[in-house]
Amino acid sequence: MKIGITCYPTYGGSGVVATELGLELARRGHEIHFISYSQPIRLTGPEPNIHYHEVEVTRYPLFEYPPYDLALATRMAEVSQLYELDLLHVHYAIPHSVSAMLAKQMLAATPPRRHLPFVTTLHGTDITLVGLDRSYLPITRYSIEQSDGVTAISQYLRNRTISIFDIKNHIEVIPNFVNCDEYLRKPEWLEKRGEYVSNDERLLVHLSNFRPVKRVLDVIEIFDRVRKKIPSKLLLIGDGPDRSQAEWLAVQKGIHEHVSFLGKQDQIREKLAIADVMLIPSELESFGLAALEGMACEVVPIATRSGGVPEVIEHGVTGFMADVGDVETMARYAIDLLSDESALRAMGKRARAAAREKFCSSKIIPLYEGFYRKVLEQSS
Ligand code: GMT
């Protein structure tokens, strides 16, 4: 198939999923065309079957808000026409599904009149936060209804979408995935653990875009409690609005020497794979891709019981969950686990086994392929 993929190309879960999906599909022989305002971050080098088309947004003094969604729709239509795409797959409804809808309508109305179905994948905040904003809700609902296929990355998000938007379309749940051959605890990566911790120290990690929904200050609060009981260090991967507050809190607590803010990283798996425990105290996660990537690397997730997280973590078996804001309980789980080497390693192994069994890319990508075929059949 020839598939156009549009996503936010920056550091965010939806862009990561879209890019990894494109790469996996390309390895399976599909022709993939990424259409976005910059190259997706996980698209690092030239890859067979992968093309990238940049969307140029013209700046004009009259445009206080340059109309990216219109430029995107135009580029989607151009690329689809030129490369004879079979369908578009957009990740994150706002504004991508509106642009896809426009591109589809333009192509249908303009000779040689091309039929271009589009699939929208809902990721989370496009529904739970942004979609609830009255200025976006009606158009988001409309573009989801107009999609030829809709998928959600968890059962939770599917149910939320139906209750918030009162949408009648079928929403297929296709969970996020991880390539377990690439995300693993590689011995040569573990050799680099010494750069961050000594032999008798534990290593905790947090990975996010440091937005308020991630509750990064809770990460510092949890680590402060852990550090009082267990010699340990904390790695924070990513960047965003709450980073400086988190840095300041670490200074106030007197633990900043034990906390490393690594900023945005291109290759996160080498950093994840050396950690023991991952902290994910988010206000809400529709899925929690970071938890899954950590689990594949045998890193035990300690997270909040929010949104779709219980679909990823089995409490007490492959990780731990607590209520949002309950830093005491999350710290206690970490302390107990980090004090017991064999329990820690056994849980890490079970976490990887669960990631392989339920969320391995070899199982999930065929679900997307099947869904595309169904959409093509039904919309032709
Ligand atoms: O919150 C983020 O990290 C970004 C956001 C996005 O759409 O870019 O993530 C959402 O999609 C991820 C990939 O499907 C999910 O793993 C995250 O749980 C989800 N975030 C929220 O629901 C807050």
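The values are calculated or read from the model by the stated rules, or taken from the named source; none is laboratory data. If you're wondering where the values come from, they're calculated on a predicted model, not measured in any experiment. All Cβ positions, even for glycine, are placed from backbone atoms using ideal geometry, and neighbour counts span all protein chains on display. Surface areas here come from the heavy atoms of the whole protein model, side chains and all, with no ligands, DNA or RNA. Shrake-Rupley method; radii C 1.70, N 1.55, O 1.52, S 1.80 Å.
Among 317, 324, which is the only one that is part of a loop (DSSP other than H, G, I, E, B), open to solvent by 10 Å² or more (accessible area, probe 1.4 Å) and in contact with a strand residue (DSSP E or B) (Cβ under 6 Å, 6 or more places away or on another chain)?
On the way: 317 fails: in contact with a strand residue (DSSP E or B) (Cβ under 6 Å, 6 or more places away or on another chain).
Result of the check over 317, 324: 324.
Tell me which residues, restricted to the stretch 29-75, are under 30 Å from residue 362 (Cβ atoms), surrounded by 12 or more Cβ atoms within 10 Å (Cβ to Cβ) and at pLDDT 95 or above.
Answer for the stretch 29-75, where residues must be under 30 Å from residue 362 (Cβ atoms), surrounded by 12 or more Cβ atoms within 10 Å (Cβ to Cβ) and at pLDDT 95 or above: 30, 31, 32, 33, 34, 35, 36, 49, 50, 51, 52, 53.
Just the residues that are in contact with a Phe, Trp or Tyr (Cβ under 8 Å, 6 or more places away or on another chain) and either more than 16 Å from the ligand (Cβ to nearest atom) or in contact (Cβ under 8 Å) with a residue 40 or more places away in the chain (or both), please, taken from the stretch 168-226.
172, 174, 175, 176, 177, 178, 203, 204, 209
What strands (runs of 3 or more DSSP E) lie completely within the stretch 168-268 and have 1 or more residues being open to solvent by 40 Å² or more (accessible area, probe 1.4 Å) and closer than 25 Å to residue 9 by Cβ?
171-173, 259-263
Might you check whether a residue that is of a type in the set (Asp, Glu), away from the ligand (no atom under 16 Å from the Cβ) and in the same structural domain as residue 337 (by TED's automatic domain parsing) occurs anywhere in the stretch 277-297?
no
Can you name the residue in the stretch 106-124 that is open to solvent by 30 Å² or more (accessible area, probe 1.4 Å) and either in contact with a helix residue (DSSP H, G or I) (Cβ under 9 Å, 6 or more places away or on another chain) or within 20 Å of residue 14 (Cβ to Cβ) (or both) and is also nearest to the ligand (Cβ to nearest atom) among such residues?
If we take residues in the stretch 106-124 being open to solvent by 30 Å² or more (accessible area, probe 1.4 Å) and either in contact with a helix residue (DSSP H, G or I) (Cβ under 9 Å, 6 or more places away or on another chain) or within 20 Å of residue 14 (Cβ to Cβ) (or both), then 106 is nearest to the ligand (Cβ to nearest atom).
Here is a list: 48, 95, 61, 40. Which entry is free of Cβ contacts under 8 Å to residues at least 12 places away in the same chain and either outside any strand (DSSP E or B) or touching a strand residue (DSSP E or B) at 6+ places or on another chain (Cβ under 7 Å) (or both)?
61
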